[in-house]
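The values are calculated or read from the model by the stated rules, or taken from the named source; none is laboratory data. These figures come from a predicted structure and were not determined experimentally. Every residue, glycine among them, receives a Cβ derived from its backbone with ideal geometry; neighbour counts consider all protein chains shown. Heavy atoms of the whole protein, side chains included, go into the accessibility calculation; ligands, DNA and RNA do not. Shrake-Rupley method; radii C 1.70, N 1.55, O 1.52, S 1.80 Å.
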Amino acid sequence: MKSLHQLHAEGGEAREFVEKFVEDPHDGEWSRAQDHWSRTVEYIAHNAKELESMHADEALRRAERLAQMLAWTLVQEHKCWACAL
């Protein structure tokens, strides 16, 4: 799974997402944000039915994209899915 640091290094939309995800719901705490990012990707990877028929690498990339979409939506409201657990 890509770390938030790896996503940030990609630049563009990925960097914008990471900066917002770290700053808004996680008050700039990178380690907490990374933990919540990992939990989100792992939850989706283990629970999204659409991933069951995919090769493991493809499923992980798709889980990351889905996690980013979910997290980005919640970040707009200064929320994090994993913070609510």
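Observations
- Option label - percent of Cα pairs over 18 Å apart computed here, alternatives [x] 37; [y] 60; [z] 73: [x]
- Entry note, segment 29-83: relative contact order of 43 percent, from Cα contacts under 8 Å with a spacing of 6+ residues.
- Sorted peptide list for 3-15, 49-61, criterion being average Cβ within 10 angstrom, highest first: 3-15, 49-61
- Rounded accessible area per residue of the chain, 1.4 Å, Å²: 62
- Couplings 3J(HN,Hα) of segment 50-67, computed from phi: 5, 8, 4, 8, 8, 4, 3, 5, 5, 5, 5, 4, 5, 4, 5, 5, 5, 4 Hz, in residue order, whole Hz [Karplus 6.51 cos²θ - 1.76 cosθ + 1.60, θ = phi - 60°; x for Gly and Pro].
- Reach of residue 49 by Cα under 20 Å, taken over aspartates and glutamates that are not fewer than 8 positions away in the same chain: 57, 58, 64
- Interchain or long-range residues, amide H under 5 Å from residue 81's placed H: none
- Normalised contact order of segment 1-68, rounded percent, pairs of Cα under 8 Å and 6 or more residues apart: 31
- 10 °C / 1.306 mPa s Stokes-Einstein diffusion coefficient of segment 19-61, Kirkwood radius on C-alpha pairs, µm²/s: 138
- Cross-link reach is defined here as a Cα-Cα straight distance under 22 Å, omitting same-chain residues fewer than 8 places apart; for residue 79 the lysines meeting it are 2, 20.
- Neighbour net charge for residue 17 - beta-carbon separation under 14 angstrom, K R +1, D E -1: -3
- Charged-residue dipole, Cβ positions (Lys, Arg, Asp, Glu), the chain about Cα centre, Debye nearest 20: 160
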